[in-house]
1. How compact is the stretch 77-191 by the rule of thumb for globular proteins, expressed as Cα Rg over 2.2 N^0.38 Å?
2. Answer with one residue from ALA18, GLN6, ILE115: the one whose Cα lies farthest towards the positive end of the charge dipole of the chain, charges on Cβ with Lys, Arg +1 and Asp, Glu -1.
3. Would you mind checking LYS206/LYS369; LYS275/LYS436; LYS206/LYS423 for any pair whose Cα atoms are more than 27 angstrom apart?
4. Cα atoms only: what Rg and Dmax, in Å, come out for the stretch 238-314?
5. For the ranges 435-442, 120-127, what's the packing order if you count other beta-carbon atoms within 10 Å of each residue, average per peptide, and put the highest first?
6. When the Cα atoms of the stretch 34-133 are enclosed in a convex hull and the volume is divided per residue, what value in Å³ results?
7. Quick one, which of (1) -0.36, -1.15; (2) -0.52, -0.94; (3) -0.37, -0.98 is the actual log10 I(q)/I(0) by the Debye sum over Cα atoms at q = 0.06, 0.11 Å⁻¹ calculated for this model?
8. What does the highest-first list of 136-143, 355-362 look like by mean Cβ count within 10 Å?
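The values are calculated or read from the model by the stated rules, or taken from the named source; none is laboratory data. Quick caveat: nothing in here was measured; it's all calculated off a predicted structure. Because the Cβ atoms are built from the backbone with ideal geometry, glycine has one as well, and the counts that use them run over all protein chains shown. In case anyone asks, the SASA skips ligands and DNA or RNA and just uses the protein heavy atoms, side chains included. Shrake-Rupley method; radii C 1.70, N 1.55, O 1.52, S 1.80 Å.
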Amino acid sequence: MTGAQQRAALQNQIWKIANDVRGAVDGWDFKQYVLGSLFYRFISENFIAYITGGDASVDYAAMADDDETIQAAKDDAIKTKGYFIYPSQLFVNVAAKANTNARLNTDLADIFKAIEASASGYPSEQDIKGLFADFDTTSNRLGNTVKDKNTRLAAVLKGVAELDFGGFDASHIDLFGDAYEFLISNYAANAGKSGGEFFTPQQVSKLIAQLAMHGQTSINKIYDPACGSGSLLLQAKKQFDEHVIEDGFFGQEINHTTYNLARMNMFLHNINYDKFHIQLGNTLIEPHFGDDKPFDAIVSNPPYSVNWIGSDDPTLINDDRFAPAGVLAPKSKADFAFVLHALSYLSSKGRAAIVCFPGIFYRSGAEQKIRKYLMNNNYVESVISLAPNLFYGTTIAVNILVLSKHKTDTATQFIDASGLLKKGTNNNLLLDEHIKEIMAVFDSKANVEHFAKMVPLEQVAANDYNLSVSSYVEVKDNREVVDIAQLNAELRTTVERIDKLRKDIDAIVAEVEGEEVEA
């Protein structure tokens, strides 16, 4: 079986498990248990690989919790891995006894608390704290009685235990990460609008990561101010060699459940606690990482046109992020607040690639003033319009805004990629070949008829700082070209035929009427 076939088989199996064990529970509500169990298994096996040094002759799972060698290794293990798991707490041991354990739900809750508590007082404390908060073993979603809860929990653990990831090596880790991403994307696809709020489709993430990191042989760190489940940050890791991102992955997320998913996602992609920094909170009014900026790469798919406090907080106009533009984004449309936030965190050599609602590029008022500020200060490198229905929960054809602080001229690139798609069942798809086509013209900055155009600042200014791609890239007319002369000739021939038919019919009618008179 090839690697691709193994992945496909695993993905089909894990989705079947997810659907079988949830019963009547809504998949969106049940996702924490499947995702949490997968995470629990991963960190258990990861810890075994670390504590044994990969020595197959050492059976850590069979050791006693009070073994002296375990106690001696505990401090160093927490400093290195960020957490500690005793043998009795390992996924493999809990799953093996799950069907007969009448205390399964309370035992799991105690184990999760213990794993989180193991980091208390260590540098990893904030990265581990609350990771299992959404894995509520007492929830009625699992069943009305303790027995019902335990039955469903055992089914989830057994299902995840049966997944064949092979030995714990690099490819094994990749399979874990891929399975987690697959689950998240499927939950998002089936969740409607709410799914789109925490997951960016993988292919779009790939494009955004490539845009943000284009031409850079190394970056200090990468940042997402509205990171969701972390999919955009992780695409950067997948697209580029490990050493390219030197100081790690930074993200902020406002939703507590999604914040936990993002941290789990980092672990599942083998990013150690000291290499990722995910914080909970409202980026626009309680931003983190001000002391860590600037960032050489910023990727983001912030929520579209959400409400924010805006002008109701008079101090925000003096905020370093918003003050340079001289105006705040409208209270009912925070899009440009996220854009200005990202710009203020961007380094002089870096790029930010941000998914944007198309309306912000042509509306008047405060948004027009912000566009004027961005253009007059030469921060807008490219505006790229994508195909419709690429994202979960919306059919809108969104844009990607690419910001840069190191442009060598004042022209702005507009790319119309709205025709690059493959029709899918529920959503359209962006393929690798489409990404290559976009990246090629982004790199060359060439003018390509009906696809890409470099527009001087003066022309944009004369157009009221409208940044809509359709204002500058002429859409190809795919209507059939009609040859008027040929059409007229065909019409004349048709008319002549009709006249002849009429004469023939009149003759036949006259002949019939004559025969009737004679009779």
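1. 1.16
2. So the residue furthest toward the plus end is ILE115.
3. With Cα atoms farther than 27 Å apart: LYS206/LYS369; LYS275/LYS436.
4. When restricted to the Cα atoms of the stretch 238-314, Rg and Dmax are 14.3, 45 Å.
5. Put in order of decreasing packing, that is 435-442, 120-127.
6. Roughly 105 Å³ of hull volume per residue.
7. (3)
8. Result, highest mean Cβ count within 10 Å first: 355-362, 136-143.
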